[in-house]
Amino acid sequence: MAGVGVKLKRIYEKKSITANVFGVGYSILITIAPLLFIAICIWVMEYVLGFGSESYLNRELFSSTILYIFIFSLLAVHLLFSPVLARYMQDAIFEERYEDVMPSYQIGLLLTLILGSIPGALFSAWVHYVGEVSAVYVLLGYTGFVTMIFLLYSMAYLSVCKDFERMSMFCLAGMIVTFLLSLVLRFWLHWSVIYSMLFSLVVGFLLIGSLEFMAFRRYFPENSGRYRLVFTYCRKWWKLMAANFFYMLGLYIHNFVFWTHETAEIVVKSFIWNQNYDMASTIAMFTNISTMVIFISNVEMNFNKKYKSYSEMVIGGKWGDIDASSSRMFRQLSDELVNLVRLQFTITVVAYLFCIVILPQFGFAGSIMRIYPCLAAGFFMLFIMYATMHLLYYYNDFIGAVFTSGSFCIITFLVSLIALDLPEIWYGVGVVCGAFTGWTVGYFRLRWVERHLNSNMFCTGTIVRREKARKPDSKVYDKRDGTVSEAE
């Protein structure tokens, strides 16, 4: 994260309109561009290949398949192991143990594939035997799910190397190949529209993941073979895994709740989704996605300097200097959070008005627009809460991050259950209440960190290296013999 801020700082140091525009563009590039390329490619293929001419069942089947591929591959990659393995990789690079990076990649990929592929295989079998969907289509959908896991996992590792431009170029190249291949399959080989699109996407996902892996392998060609160390690290940082688990689950749990609503659709007795609620959630998320761009561009870039200055006080700073540096750091943190909320609120209002006025012209109206306002407010608070969680990560306060994400997830789930019986305009109240609760917990936890920062920062280390061994003899000196016991 700090590396992103450093690069953005170099861009903004030029202090020109062009530099500001380039900085915003770079921020967008490193946050949402890869997934935007995939979404745009799917939309263009649907338009060019004549997706609208397909039967209603085929359109619903394809849309459900893509939805499940994206949601559950994201959960498989980011639900448990991704944050811990990213931290392991960063620590290995900092300690110049470059040969230990590849074992973590391989172990993490294996665990992630097991976590995702086994439930995916069971669900695919259900779709084929109960939903009576063609085995070829089911196999293509399952392959797309596995390749998307490979793509997202490799992307998460490559992002630690701060190679964001290359990642975006890989996604762009993969989607160009996907689009061209779909044209060949549809108009030359005369495949059906949904088979042409699904097969092309599978090839594109595999190509992007392979390019990302090759780029990653160039950085870390050596392999130490120390796989057990990765499991030890996961056990040590289980709180980070728990915090990320609750956040990712809370991000989608309100959708899962509304999949049980009477307005939900069941496609081929297998795929369950609520089209109106899911579409409103997607629009609300993109309404507030700029929060991440602002967070990276401003909060992280400016705050990192103050944090680094404070951290370096451990090598000889006087108490007065430590106290003054701490005050400056938290003053900067407070200012940046307030600016983040103020700027994002303005952007959200403008985006909201744009969506309300423009989207109905493209068919997004009725129930979708009635659900959207409450969800837009909820995602606004959710991304502010996410920024607060990242600030807690800065101070290694993983207990606070667990409380923040856990309260968000639980309250979102409980209130969403209540919202099932409310009018449409209140369907998103679960996200609002959950995000507000999580943000409140995170804010007061940051205040707690501020009060206890010096002791947590400078008094939690150890001088003697810890290790598991036989306890030494308690007798260190024999007064009668005048001998000193030697430690075993």
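Note on the stretch 107-118: residues that are open to solvent by 10 Å² or more (accessible area, probe 1.4 Å) and either within 21 Å of the chain's Cα centre (by Cα) or closer than 16 Å to Val267 by Cβ (or both) amount to 8. Entry remark, the stretch 252-269: residues being open to solvent by 30 Å² or more (accessible area, probe 1.4 Å) and part of a helix (DSSP H, G or I) number 2 in total. Just one of the listed residues (Leu57, Leu8) is more than 23 Å from Leu251 (Cα to Cα), modelled with pLDDT of 65 or more and assigned to a helix (DSSP H, G or I), namely Leu57. No other residue among Ser134, Ser168, Ser192, Ser104 is out of contact with any strand residue (DSSP E or B) (no Cβ under 7 Å at 6 or more places or on another chain), modelled with pLDDT under 90 and either more than 30 Å from Ser224 (Cβ to Cβ) or among the β-branched types (Val, Ile, Thr) (or both) apart from Ser168.
Quick check: anything in the stretch 241-250 polar (S, T, N, Q) and assigned to a helix (DSSP H, G or I)? Yes, because at least one residue in the stretch 241-250 is polar (S, T, N, Q) and assigned to a helix (DSSP H, G or I).
For (1) open to solvent by 40 Å² or more (accessible area, probe 1.4 Å); (2) touching a His at 6+ places or on another chain (Cβ under 9 Å); (3) of a type in the set (Ser, Thr, Tyr); (4) without any contact (Cβ under 8 Å) to a residue 12 or more places away in the chain, each residue gets a yes or a no:
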residue: Ile356; (1), (2), (3), (4): yes, no, no, no
residue: Gln361; (1), (2), (3), (4): yes, no, no, yes
residue: Phe380; (1), (2), (3), (4): no, no, no, no
residue: Phe383; (1), (2), (3), (4): no, no, no, no
residue: Ala387; (1), (2), (3), (4): no, no, no, no
residue: Val402; (1), (2), (3), (4): no, no, no, no
residue: Phe413; (1), (2), (3), (4): yes, yes, no, no
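Residues that are aromatic (Phe, Trp, Tyr) and surrounded by fewer than 21 Cβ atoms within 10 Å (Cβ to Cβ) were ranked within the stretch 196-215; the one that is nearest to the chain's Cα centre (by Cα) is Phe213. Among the residues of the stretch 389-400, those that are part of a helix (DSSP H, G or I) and open to solvent by 20 Å² or more (accessible area, probe 1.4 Å) comprise His390, Tyr393, Tyr394, Ile399.
Of all residues in the stretch 439-452, at least one satisfies being under 18 Å from Ser405 (Cα atoms), among the aliphatic types (A, V, I, L, M), surrounded by 13 or more Cβ atoms within 10 Å (Cβ to Cβ) and at pLDDT 90 or above. Within the stretch 314-341, being among the aliphatic types (A, V, I, L, M) and at pLDDT 70 or above holds for Ile322, Ala324, Met329, Leu333, Leu337, Val338, Leu340, Val341.
Among the residues here, Tyr277 does not qualify as at pLDDT 90 or above and either open to solvent by 10 Å² or more (accessible area, probe 1.4 Å) or outside any helix (DSSP H, G or I) (or both). Kindly check whether there is at least one residue in the stretch 43-66 that is within 20 Å of Thr143 (Cα to Cα) and of a type in the set (Phe, Trp, Tyr). The answer is yes; a qualifying residue exists. When Lys236 is tested against the conditions (1) open to solvent by less than 50 Å² (accessible area, probe 1.4 Å); (2) modelled with pLDDT of 75 or more, the lone failure is (1).
The values are calculated or read from the model by the stated rules, or taken from the named source; none is laboratory data. Note that the structure is a prediction, hence the values are computed from the model and not measured. Positions of Cβ are generated from backbone atoms using ideal geometry, with glycine treated the same way; all protein chains shown enter the neighbour counts. What goes into the accessible areas is simple: the full protein's heavy atoms, side chains included, and nothing from ligands, DNA or RNA. Shrake-Rupley method; radii C 1.70, N 1.55, O 1.52, S 1.80 Å.
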